[in-house]
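Asker: Sharing a structure here in structure tokens format.
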Amino acid sequence: AKRAGRGVTRLFDEGMDEGIRFRRRVEQGLAEAIDKGELSLVYQPIVSRGELEVIGFEALVRWNTEEYGPISPATFIPIAEESNVIHELGDWILDSALAMVQRFPDQYVSVNFSPRQFRRSNFVGHIMESVQRAGVLPSRVQIEITETAIFDDAERAAETLYKLRQMGFRIALDDFGTGYSSLYNIRKFALDSLKIDRSFIDGMGRERESAAIVHSIIHLGRALGLEVIAEGVETAAQVQALRLAGASHMQGYFFSRPVTPELAIELAVQRFLG
Ligand code: C2E
Ligand code: CA
Ligand code: CA
Ligand code: CA
């Protein structure tokens, strides 16, 4: 029993080493990825409920590494988030997205900010400087943050959001429904929209609970004067159900996967309704 125990420990240690080594490589790799040109952004259209017009694009980062091939942002963003690398990465993402929005006829670009970026001192000044340098109006930029970013220090977050909104940025609360936000507290934050997490959209056709949650979020959004964006929309049935339920906007593979800048510009003038 003792021997088996030790074996297990060793396997576990090796697993840990492997994990730590991977994290370290990712962290170092990210620091160089920008200069090496390994990063890119792809853009996924966000469409209006009625006319299915493309009203904006969410920018999503991609990293093609020499060593591991493409790594998902779901893997490397949390690693970057644990160190200051997130700032350099975030700056590159923002600057690239701002350069891109100039090429869209009138859509906004929706940029994801991690909690650490959002809590950075002088986040407001920093983002304002970036848009000014790029010559972009704040109204063409949507800032996506998650509940985690705002509920830890709600008072400070509320102030930051208020300032950003005063300046004309759009604010979207991402992955809504998965975090800890109390519905009650949502009122305190200057928001423009709620993005319903795709897990609820996914479950809509199968489980009554998911459908009920989707309906509640839409009603809540309406009651608070917020737009509601449904993400992860994959089927015509979901589109139908979401339109009936009154979602303001939709995003998902049903309309388009995230695409290259060139394709995004083509999609910008397309309408998804025949
Ligand atoms: P997210 O912000 O919730 O982004 C939506 C994710 O859902 C994207 O995954 C997108 O490609 C995927 N998606 C969109 N429509 C569908 C659909 O119909 N079905 C399915 N199954 N998936 C869909 P992606 O690009 O892999 O990004 C994963 C996460 O990584 C993002 O989740 C976000 O949290 C983070 N991330 C991505 N890009 C950035 C970035 O530039 N900055 C920051 N801070 N985080 C980012
Ligand atoms: Ca997002
Ligand atoms: Ca999301
Ligand atoms: Ca998500």
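Asker: Give me the Kirkwood hydrodynamic radius of the range 85-158, using the inverse of the mean 1/r over all pairs of distinct Cα atoms, in Å to one decimal.
Answerer: Details: mean 1/r = 0.0780 Å⁻¹.
Computed over the range 85-158, the radius equals 12.8 Å.
Asker: Here's something else I'd like to know. State whether the range 51-209 is rounded, prolate or oblate according to the following rule on the C-alpha gyration tensor (a ≥ b ≥ c being the square roots of its eigenvalues): a/c under 1.5 gives rounded; otherwise a/b larger than b/c gives prolate, and the remaining case gives oblate.
Answerer: On the way: a/c = 1.22, a/b = 1.09, b/c = 1.13.
Here the range 51-209 falls in the rounded category.
Asker: Shifting gears a bit: Could you state the orientation-averaged shadow area of the convex hull built on the Cα atoms of the range 163-230, in nm² to one decimal? Please list the in-between numbers first.
Answerer: Details: hull surface 17.9 nm².
Quarter of the Cα hull surface area: 4.5 nm².
Asker: Return the calculated 222 nm mean residue ellipticity for the chain, to the nearest 500 deg cm²/dmol, obtained by summing -39500 (n - 2.57) across DSSP H runs with n ≥ 4 and dividing by the residue count. Don't skip to the answer; put the middle values down first.
Answerer: Values: 11 runs with 134 residues, N = 274.
After summing the helix terms and dividing by residue count, I get -15000 deg cm²/dmol.
Asker: Next up: How high is the relative contact order of the chain? Use alpha-carbon pairs under 8 Å, at least six apart in sequence, and give a whole percent. If you can, show how the numbers build up before the last one.
Answerer: Working: 430 pairs, mean separation 53.4, N = 274.
In percent, rounded to a whole number, it is 19.
Asker: Kirkwood Rh, the range 41-93, all Cα pairs: how many Å? Walk me through the intermediate numbers first.
Answerer: Numbers: mean 1/r = 0.0773 Å⁻¹.
Hydrodynamic radius (Kirkwood, Cα only) of the range 41-93 equals 12.9 Å.
Asker: Same structure again: P(r) tail for the range 165-274, what percent of Cα pairs lie past 20 Å? Display every interim value, and only then the final one.
Answerer: Details: 2605 of 5995 pairs.
Roughly 43 percent, once rounded to a whole number.
Asker: Rounded to the nearest 5, what is the percent of antiparallel bridges among the DSSP beta bridges in the chain?
Answerer: Numbers: 16 of 37 bridges.
DSSP beta bridges in the chain are roughly 45 percent antiparallel.
Asker: Please report, to one decimal in angstroms, the Kirkwood hydrodynamic radius of the range 34-145 built from all distinct Cα-Cα pairs. Can you show the working numbers first?
Answerer: Numbers: mean 1/r = 0.0674 Å⁻¹.
Hydrodynamic radius (Kirkwood, Cα only) of the range 34-145 equals 14.8 Å.
Asker: Treat each spin label as a single point 7 Å out from the Cα along the C-beta direction, and report the T260 to R222 distance in nm.
Answerer: In this crude label model, T260 to R222 measures out at 4.2 nm.
Asker: Once all Cα-Cα distances of the range 214-270 are split into 5 Å bins that start at 0, what whole-number percent is in each one?
Answerer: The distribution over the range 214-270 is 5, 18, 24, 19, 16, 11, 7, 1, given as percents.
Asker: Another question, if that's okay. Sort all Cα-Cα distances of the chain into consecutive 10 angstrom bins from zero, then give the percent of pairs in each bin up to the one containing the longest distance.
Answerer: It works out to 6, 27, 33, 22, 8, 3, 1, in whole percents.
Asker: Could you list the chymotrypsin sites (Phe, Trp or Tyr not before Pro) in the range 146-215 that lie in coil according to DSSP, counting only those with at most 15 other Cβ atoms within 10 Å of their Cβ? It would help to have the intermediate numbers written out before the result.
Answerer: On the way: sites: F151, Y162, F169, F176, Y180, Y184, F189, F200; in loops: F169, Y180, Y184, F189.
Those that pass, being in a loop and sparsely packed, are Y180, Y184.
Asker: Could you give the length gained on full extension between R133 and E209, defined as 0.36 nm per residue of separation minus the Cα-Cα distance, in nm? Spell out each step's value before the answer.
Answerer: On the way: separation 76, 0.36 × 76 = 27.36 nm, distance 4.63 nm.
Result: 22.7 nm gained on full extension.
Asker: Let me ask you something else. For the range 219-274 and the range 12-69, write down the distance between their C-alpha centroids in whole Å.
Answerer: The range 219-274 and the range 12-69 have Cα centres separated by 23 Å.
All of the numbers you see were taken from the coordinates with simple rules; none came from a lab. From a predicted model like this one, the values you see are computed outputs, not experimental measurements. Because the Cβ atoms are built from the backbone with ideal geometry, glycine has one as well, and the counts that use them run over all protein chains shown.
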